Amino acid sequence: MEVEALGDLALHLIFAKLSPKDSAIAACVSRKFRSSASEDSLWEKFCHRDLGLTDPIDHLGNPVPSFKESYQEWRRAFGMYPWPLVERVKRCWDRIENWLRSNYPEALVTVREGASEADIEELENALKVKLPLPTRILYRFHNGQDLKGRYVDSVRGFPFGLIGGYTFYEQTVNVYLLPLRQVITETKSIIQELGFSRRSKFIVVASSSTLVHKVFFLNCASGQLFVGTANLREDGEMIPCVPGALINSVHEYNTDQQQDAMLLWLEEHVRRLENGIIKLRETNNIRSISLFPEEPPFCSVATTNGVRVRASAIFIPEFTDLLDSGGNYQFSYSIRMSLQPEGCIMNGMTFSSCQLHLRHWIIRANDYVVSRVNGEAVIGKYPLLQPGEKEFVYESCSSLHSSMGSIEGSFTFVPGSHLIRNVLEFLRGLIQSACCFEGKKNLPL
């Protein structure tokens with residue numbers, strides 16, 4: 001009775017502190033409570049707080065008359081799942097969509113609408129698996145990517161993959177999320193090819209469409225995500241993508257702590273995108289997500305005499321041969337070179353350009369030096385750096401016999417350019433020849 005005596009504003013503030021479920025229960029107490037609990041401004045807060053909605057829409061994006069109806073539609077669509085997990089998965093997808101919308105809209109249009117419960121049941125029946133709850137809800141929001149468009153070919157594959165990739169030695173890898181129908185067909189094909197047991201709980205959830213095939217498998221029993229190595233086709237060898245200790249309760253409905261490797265993988269991926277750790281690259285007027293880190297501590301940066309060099313490396317599982325007796329871990333590295341606005345400074349003199357001449361590398365596996373590289377140019381090129389121009393980027397790879405290693409070294413640049421240096425050396429040679437001739441022309445024959 002004392003609460004009913006409160007004004008409408010006070011009641012509204014109280015209901016806003018409750019959960020939607022508790023507000024619905026309180027609405028059964030009295031007409032006044034029912035009136036306060038029915039205000040659409042209250043449900044607008046619930047929709048924004050729980051689902052990040054700014055407009056009254058259902059889970060398919062269709063407009064509905066009110067925020068209260070919007071919330072009811074969402075609960076009807078996902079009521080079979082733990083609600084905190086639904087909220088978490090939606091936040092993950094919202095972050096991915098927001099980043100794509102602001103930075104990579106051409107990839108956003110490839111993201112498919114959510115799958116239905118019938119679609120998921122079709123996959124589970126076809127492959128004799130039970131999807132982990134987080135992955136199941138991930139597909140309910142978006143059913144992978146639509147692999148279509150004029151940019152798909154055998155060399156570059158599908159450049160709009162949400163997971164992205166890398167290029168080195170003319171090898172291109174770019175990973176996209178598979179829609180459920182393709183999960184079924186690729187899983188049946190690869191599992192049969194690998195000779196896995198019919199009881200295998202592995203399904204293919206992501207892959208590259210290039211000649212170099214990179215494949216990700218989800219173990220539906222444990223919730224772990226794996227990536228295939230160079231021995232995948234011959235021996236079915238895979239490497240886990242997420243620490244197993246982080247995976248929890250992937251099939252339990254009566255807990256709020258469910259998380260599988262698929263959800264953790266996507267959350268970490270979008271975190272790196274949002275923080276600029278990984279960024280877009282452009283090749284032949286086509287943009288794609290590059291997995292080479294761009295920011296410290298994952299990217300090393302050094303500036304000397306006005307020349308700025310950035311370097312980062314990533315592990316390449318699809319080229320790694322763990323069955324090699326000595327170990328064969330493949331790493332790719334990306335080097336970016338640029339000239340600062342003040343130009344190249346040498347011995348107090350400023351030059352408006354400089355050109356790469358030599359490189360020196362020391363490659364270690366654990367603490368042992370396995371290779372020293374000395375030579376001219378990089379990938380056969382002598383980049384000429386000038387202020388204000390794009391970074392010169394080259395990417396290469398190295399093989400180590402251990403999973404831990406390092407590459408360090410230096411570059412030698414020539415102030416100005418090789419052309420200027422060669423012209424000066426040519427002129428110097430002419431002057432020396434002329435001096436020699438002048439000194440000898442009066443000698444007797």
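The values are calculated or read from the model by the stated rules, or taken from the named source; none is laboratory data. Just so it is clear, the model here is predicted, and its values are computed rather than measured. Here Cβ is always computed from backbone atoms with ideal geometry, including for glycine, and neighbour counts include all displayed protein chains. Quick note on the areas: whole protein, heavy atoms, side chains included, nothing else; ligands and nucleic acids left out. Shrake-Rupley method; radii C 1.70, N 1.55, O 1.52, S 1.80 Å.
Computed on the Cα trace of the stretch 64-210, the radius of gyration divided by the Kirkwood hydrodynamic radius gives Rg/Rh = 1.01. The slack between ARG101 and GLU408, meaning 0.36 nm per residue of separation minus the straight C-alpha distance, is 106.7 nm. Summing +1 for each Lys or Arg and -1 for each Asp or Glu among the other residues whose beta-carbon sits under 14 angstrom from that of ALA365 gives -1. Candidates ASN219, VAL89, SER352 compared by Cα position along the dipole of the chain: farthest toward the positive end lies SER352, with charges placed on Cβ. Quick one: Debye curve from the C-alpha atoms of the chain, no solvent, what's log10 I(q)/I(0) at q = 0.06 Å⁻¹? Relative scattering, expressed as log10 I(q)/I(0), comes to -0.40.
Applying 0.36 nm per residue to the separation of ASN275 and LEU246 and subtracting their alpha-carbon distance, the gain on full extension is 8.2 nm.
Carbon-plus-sulfur fraction of the accessible area of the stretch 34-107, 1.4 Å probe, in percent? Whole-percent figure for carbon plus sulfur exposure: 50. Per residue, the chain exposes an accessible area of 52 Å² to a 1.4 Å probe, with every protein chain left in place. For the chain, the longest principal axis of the Cα atoms and the long axis of helix 418-440 meet at an angle of about 10 degrees. Taking Lys and Arg as +1 and Asp and Glu as -1, the other residues whose beta-carbon sits under 13 Å from that of LEU400 total -2. Among the protein heavy atoms, those of THR350 account for about 90 Å² of accessible surface (1.4 Å probe, every chain in place). Full extension of the chain segment joining ASP40 with ARG112 gains 22.8 nm, where the gain is 0.36 nm per residue of separation less the Cα-Cα distance. Under the simplified labelling scheme, the ALA126-LEU60 pair shows an inter-label distance of 2.1 nm, with each label point 7 Å from Cα along Cα→Cβ. Using a Förster distance of 22 angstrom, determine the FRET efficiency expected from the C-beta separation of GLU376 and ILE345, and round it to 0.05. For GLU376 and ILE345, the calculated efficiency is 0.40.
Ranking MET238, MET80, MET349 by solvent-accessible area of protein heavy atoms (1.4 Å probe, all protein chains present), from largest to smallest, gives MET349, MET80, MET238. Within the assembled protein chains, the solvent-accessible surface assigned to TYR104 is about 0 Å², based on a 1.4 Å probe. Across SER23, SER209, SER399, the residue with the most accessible area heads the list, and the full order at a 1.4 Å probe is SER399, SER209, SER23. Pairs exceeding a 23 Å alpha-carbon distance, out of LYS279/LYS381; LYS148/LYS201; LYS214/LYS279; LYS45/LYS90; LYS21/LYS90: LYS279/LYS381; LYS148/LYS201.
Modelled spin-label separation between LEU322 and LYS148, with each label point placed 7 Å from Cα along the Cα-to-Cβ direction: 3.8 nm. Residues with beta-carbon under 15 Å from that of LEU123, excluding LEU123: net charge, scoring Lys, Arg +1 and Asp, Glu -1? Once positives and negatives cancel, what remains is +2.
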